[in-house]
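Quick notes on the structure that follows.
The values are calculated or read from the model by the stated rules, or taken from the named source; none is laboratory data. All figures in this text were calculated on a predicted structure; none of them were measured in a lab. Ideal geometry is used to build each Cβ from the backbone, glycine not excepted, and the neighbour counts take in all protein chains shown. These accessible areas exclude ligands, DNA and RNA; they are computed on the full protein's heavy atoms, side chains included. Shrake-Rupley method; radii C 1.70, N 1.55, O 1.52, S 1.80 Å.
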Amino acid sequence: MSAPATMTAVLLTGHGGYDKLSVRDDVRVPNPGPGEALVRVTAAGVNNTDINTRVGWYSKSVTGATDERDGAEEVEDGGWAGALAFPRIQGADLCGEVAALGPGAGGVRLGARVTCATNQPIPTPDAPTRYQAIGSEYDGAFAQYCVVPADQLFDVSASPLSDVEIAAMPCAYGTAMNLVSRAAIGPGDRVLITGASGGVGLAAVALAALRGAEVTGVASAAKQAAVVAAGAVRCLDRQDTPPAGVFTAALDLVGGPGWAGVIDALAPGGRYAASGAIGGPVVEMDLRTLYLRDLTLFGCTYTPKSVFRELVDLINAGGLRPNVACTYPLAEIVAAQKAFQEKTTSGKIVLLPPA
């Protein structure tokens with residue numbers, strides 16, 4: 001399988017607004033190095049992660065909600081792991097086909113349909129939760145081709161899902177799988193899920209329900225039907241204060257001013273897991289609530305391969321089907337991100353590179 005010399009790709013030229021996204025059709029197709037695979041991208045999901053990175057929201061200097069950040073104020077440390085090297089090709093959600101293998105690359109075959117985790121574990125004895133993020137620490141899926149470490153790829157050739165559906169899953173469902181795994185969600189749990197109508201939220205609802213939990217989702221009234229369809233038994237409005245002391249676990253994607261209410265909603269011995277803060281990253285807590293009620297708090301970004309493998313097994317078995325709102329051509333990435341940020345629909349938006 002041969003690849004062209006150049007490709008269409010979206011270059012992020014710096015932290016900032018939409019003007020920092022440059023669609024080019026003369027970008028050199030990368031060559032896979034030792035242990036790497038060249039993947040022809042067939043579909044790439046749009047995520048908060050991509051937008052947050054573009055506007056520099058991950059910088060410690062930013063304290064507001066994600067929708068309050070437009071990238072107008074310059075930051076240098078706005079990536080997952082601090083400063084980024086520009087230009088960078090983003091794209092944290094990948095479905096594609098293995099087009100070439102570099103020297104020594106194993107574990108994946110030419111022509112296989114593949115995907116990969118957004119946060120890819122590369123642990124060391126000194127840093128057991130070390131990871132790299134595709135589209136952040138190295139170029140990602142907003143292009144016709146990308147190079148991925150071969151040992152981070154998972155074969156999804158057997159899945160009955162379409163490429164678009166698979167591309168809607170790694171970031172959202174991978175994050176959600178990590179949340180339910182870290183919080184040990186299982187039968188008998190009463191789980192509160194904030195931001196339940198978003199990509200990660202809907203995935204968390206489905207996965208928690210699949211594990212036998214009773215799920216209560218928090219979402220606006222217009223989107224509650226989608227949350228119930230995903231597996232929730234009931235919904236609360238975003239303005240509601242959850243009932244106190246009821247839930248054995250909470251999966252939080254919002255943070256912000258309502259954070260204390262989520263903590264108060266936990267029963268003694270409850271577990272709280274977070275992987276987002278779209279409502280604001282800076283919160284206050286009464287530590288007496290934490291220790292007098294024996295609560296356990298989990299921060300969830302590092303995803304072991306065993307956890308993502310669980311998701312891949314479900315993908316290959318057709319055990320999950322994501323809600324895809326719509327698709328856009330890769331060249332219309334600005335329109336796609338604007339639609340994503342308007343949050344008028346439930347489900348994922350997926351970009352399609354030129355064939």
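Could I have the simple spin-label model distance between A81 and D286, label points 7 Å from Cα toward Cβ, reported in nm to one decimal?
Inter-label distance under the simple model: 4.1 nm.
What number comes out for accessible area per residue over the stretch 1-149 if the probe is 1.4 Å? Units Å², please.
On the way: 6240 Å² over 149 residues.
Accessible area per residue: 42 Å².
If I stretch the segment between A244 and D151 completely, what's the gain in nm (0.36 nm per residue apart, minus their alpha carbon distance), one decimal?
On the way: separation 93, 0.36 × 93 = 33.48 nm, distance 4.47 nm.
Between A244 and D151, full extension yields an extra 29.0 nm.
Let's test the formula: R0 of 41 Å, r as the Cβ-Cβ distance of A5 and A158. What FRET efficiency results, to the nearest 0.05? List each step's numbers first, then the result.
Numbers: r = 33 Å, r/R0 = 0.80.
Result of the calculation: an efficiency of 0.80.
Suppose R0 equals 45 Å; then what is the FRET efficiency for R234 and A335 from their Cβ-Cβ distance, rounded to the nearest 0.05?
Values: r = 35 Å, r/R0 = 0.78.
Result of the calculation: an efficiency of 0.80.
Please report the carbon-and-sulfur percent of the accessible area for the stretch 106-259; probe 1.4 Å, protein heavy atoms only, DNA, RNA and ligands left out. Mind dumping the intermediate values first?
Working: 2950 of 5340 Å².
Ligands and nucleic acids excluded, carbon and sulfur give 55 percent.
May I ask for the Kirkwood hydrodynamic radius of the chain, worked out over all distinct Cα pairs and given in angstroms to one decimal?
On the way: mean 1/r = 0.0488 Å⁻¹.
Its Kirkwood hydrodynamic radius stands at 20.5 Å.
Excluding ligands and nucleic acids, what accessible area in Å² is computed for T63 using a 1.4 Å probe, to the nearest 10?
For T63, the solvent-accessible surface is approximately 90 Å².
FRET efficiency for R109 and A260, Cβ-Cβ distance as r, R0 = 51 Å, nearest 0.05? Could the numbers behind the result be given before it?
Working: r = 51 Å, r/R0 = 1.00.
In this case the efficiency is close to 0.50.
Can you tell me how much longer the chain between A317 and T129 gets when fully stretched, taken as 0.36 nm per residue apart minus their C-alpha distance, in nm with one decimal?
Numbers: separation 188, 0.36 × 188 = 67.68 nm, distance 2.89 nm.
Taking A317 through T129 to full extension adds about 64.8 nm, to one decimal.
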